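J.: Right, I'll just put the structure down here and ask away after.
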Amino acid sequence: MTEKKYKKTITKILKIRDKILKKTISLPKTNFVYSFLIPEIILMNLEIENLIFKKNYDPTGDTIKILENLDYKIGIIKKNNIHSDKKKIEKQNFIKEKSHQELFQKLWTNYTFKEYVSDRIGRYRKRIKINNLKKLIKGKSIIDFGCGHGNFLVAAAMEGCSFGYGIDYGKESINFSNKVKNKLKLGNKLKFKIGSVYSTKLKSNSFDIAIQNGVFHHLDTPTKAYKELYRVLKKKGYAWFYTDGGGGIRDIIGDMSQNILKNININFKINKIRSLNLSYSKQYHMSDNTNAKYEHYDYKTYINFLKKLGFHNFIQLNGGMDTDFDKPFRKDKYFELKFGSGDLRILCQKK
């Protein structure tokens, strides 16, 4: 796709998006309206996902039809609100870090142990294997900034790291992590603590490897967190960074969904999504996609940012899953239109 056609297509999609956002601002905040609207938004996200993962398929026409259909449905939902009891739903203002803290604790801690081992730990062990990182982590100390329920560190422990330290601001997430490590008999290798990624209170130059896996793009002041990670990492130590590249249809739809629903009570939203009886993995993804706010980066800007912090020797890594979209590893002539810069998984080194 040429640059001219790409810009024309994105502009057309953004125009319909703006029409939808304008219309949803005036929607009555009633149980009736959002009980119908949330499933419509989830269905839209699922269908867009189906389109963009079709290799070498131009999703433009279908994406426009799906957005126009949502616009039409919003009109019908608003019109028929007159038949409801107009019961108001609880408002909950979106406050970036506070809202993310509540959201991810609800999502990370609902995996069963079986799902956790197969889906979460399994995918990180695969990523370590396909990127030939086992030799890098074997016998090394690792810190994970925003460890969530600990999946990356548990995988690293299983692949031979000497010690892993996970820090997260979510009490429930840390409790979940500690239960898992004990169940897997990894207590001597791993330590999970409640704390701030802005100020870990750990010694400088104390870890061989540092992980920031999809966390800092949710923060208010990410640069402060990156500097803290740099501080505790040893000289010539390695860092694994994952951040959202974005800029394509996938992120336009995700950002629009989050914008529409951002000030609706989080329990109301998550319960509506769970009532759809999706697989837990898909529940998690849809809840994330419609509630979490992402800051997007392009590859060049992100690498230049890391260089200024003092990192070098950059290698782009492979997510390895069918639903990952790392540009060097997914050959698709419509990649930019679908995913923008895509997933940015970077291995680099502290100077």
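J.: With the structure loaded, tell me whether Lys269 is assigned to a helix (DSSP H, G or I), of a type outside the set (Ser, Thr, Tyr) and without any contact (Cβ under 8 Å) to a residue 24 or more places away in the chain or whether it fails that test.
T.: no
J.: Being without any contact (Cβ under 8 Å) to a residue 40 or more places away in the chain and either among the polar types (S, T, N, Q) or within 30 Å of Lys272 (Cα to Cα) (or both) is the filter; apply it to segment 118-141 and report the residue that is most open to solvent (accessible area, probe 1.4 Å).
T.: Asn132
J.: Which ones in segment 68-115 are touching a helix residue (DSSP H, G or I) at 6+ places or on another chain (Cβ under 6 Å) and without any contact (Cβ under 8 Å) to a residue 60 or more places away in the chain?
T.: Passing the criteria: Leu70, Asp71, Lys73, Ile74, Ile77, Asn81, Ser84, Lys87.
J.: I would also like to ask the following. Please find, among Ser279, Ser275, the residue that is surrounded by fewer than 20 Cβ atoms within 10 Å (Cβ to Cβ), at pLDDT below 95 and within 26 Å of Lys114 (Cα to Cα).
T.: Going through Ser279, Ser275 in turn, just one is surrounded by fewer than 20 Cβ atoms within 10 Å (Cβ to Cβ), at pLDDT below 95 and within 26 Å of Lys114 (Cα to Cα): Ser279.
J.: Continuing with this model, one more query. Search segment 215-246 for residues being among the aliphatic types (A, V, I, L, M) and part of a strand (DSSP E or B), and hand back the single one that is farthest from Phe335 (Cα to Cα).
T.: Among those that are among the aliphatic types (A, V, I, L, M) and part of a strand (DSSP E or B), it is Leu233.
J.: Moving on to the next point. I'd like the full set of residues that are over 17 Å from the mean Cα position of the chain (by Cα) and of a type in the set (Gly, Ala, Ser), limited to segment 203-224.
T.: Ser204, Ser206, Ala210
J.: Restrict the check to segment 192-215 and report whether at least one residue is in contact with a His (Cβ under 8 Å, 6 or more places away or on another chain) and at pLDDT 95 or above.
T.: No, segment 192-215 contains no residue that is in contact with a His (Cβ under 8 Å, 6 or more places away or on another chain) and at pLDDT 95 or above.
J.: Can you tell me which residue in segment 311-340 is surrounded by the most Cβ atoms within 10 Å (Cβ to Cβ), limited to those that are modelled with pLDDT of 95 or more and of a type in the set (S, T, N, Q)?
T.: Filtering segment 311-340 for residues that are modelled with pLDDT of 95 or more and of a type in the set (S, T, N, Q), the one surrounded by the most Cβ atoms within 10 Å (Cβ to Cβ) comes out as Gln316.
J.: Which condition from (1) of a type outside the set (Ser, Thr, Tyr); (2) closer than 29 Å to Leu14 by Cα; (3) surrounded by fewer than 16 Cβ atoms within 10 Å (Cβ to Cβ) is the one that Asn205 breaks?
T.: Just one mismatch for Asn205, condition (2).
J.: Return the pair list, or none, for Cβ contacts closer than 9 Å from residues in segment 221-247 that are farther than 15 Å from Ile209 by Cβ to residues that are among the charged types (D, E, K, R) and part of a helix (DSSP H, G or I), at least 6 apart or on different chains.
T.: That search, which allows pairs on different chains as well, returns Asp244/Asp251; Gly245/Asp251; Gly245/Lys327; Gly246/Asp255; Gly247/Glu336.
J.: How many residues does segment 67-84 hold that are under 14 Å from Ile42 (Cα atoms) and open to solvent by 30 Å² or more (accessible area, probe 1.4 Å)?
T.: 2
J.: Among Gly160, Gly187, Gly170, Gly148, which is the only one that is small (Gly, Ala, Ser), open to solvent by less than 70 Å² (accessible area, probe 1.4 Å) and without any contact (Cβ under 8 Å) to a residue 24 or more places away in the chain?
T.: Gly187
J.: Let me ask something additional. For a quick check of your reading: which helices (runs of 4 or more DSSP H) sit entirely within segment 112-195 and have at least 2 residues that are β-branched (Val, Ile, Thr) and closer than 18 Å to Leu229 by Cβ?
T.: Hits in segment 112-195: none.
J.: Related question: Given the residues Glu115, Glu97, which is the only one that is open to solvent by 20 Å² or more (accessible area, probe 1.4 Å), under 22 Å from Tyr198 (Cα atoms), among the acidic types (Asp, Glu) and within 19 Å of the chain's Cα centre (by Cα)?
T.: On inspection, the qualifying residue turns out to be Glu97.
J.: Oh, and also: Quick check, is Ile25 under 30 Å from Ile82 (Cβ atoms), hydrophobic (A, V, I, L, M, F, W, C) and either out of contact with any Asp or Glu (no Cβ under 9 Å at 6 or more places or on another chain) or crowded, with 18+ Cβ neighbours inside 10 Å (or both)?
T.: Against the criterion (under 30 Å from Ile82 (Cβ atoms), hydrophobic (A, V, I, L, M, F, W, C) and either out of contact with any Asp or Glu (no Cβ under 9 Å at 6 or more places or on another chain) or crowded, with 18+ Cβ neighbours inside 10 Å (or both)), Ile25 qualifies.
The values are calculated or read from the model by the stated rules, or taken from the named source; none is laboratory data. Predicted, not measured: the structure shown is a model, and the values here were computed from it. Positions of Cβ are generated from backbone atoms using ideal geometry, with glycine treated the same way; all protein chains shown enter the neighbour counts. Heavy atoms of the whole protein, side chains included, go into the accessibility calculation; ligands, DNA and RNA do not. Shrake-Rupley method; radii C 1.70, N 1.55, O 1.52, S 1.80 Å.
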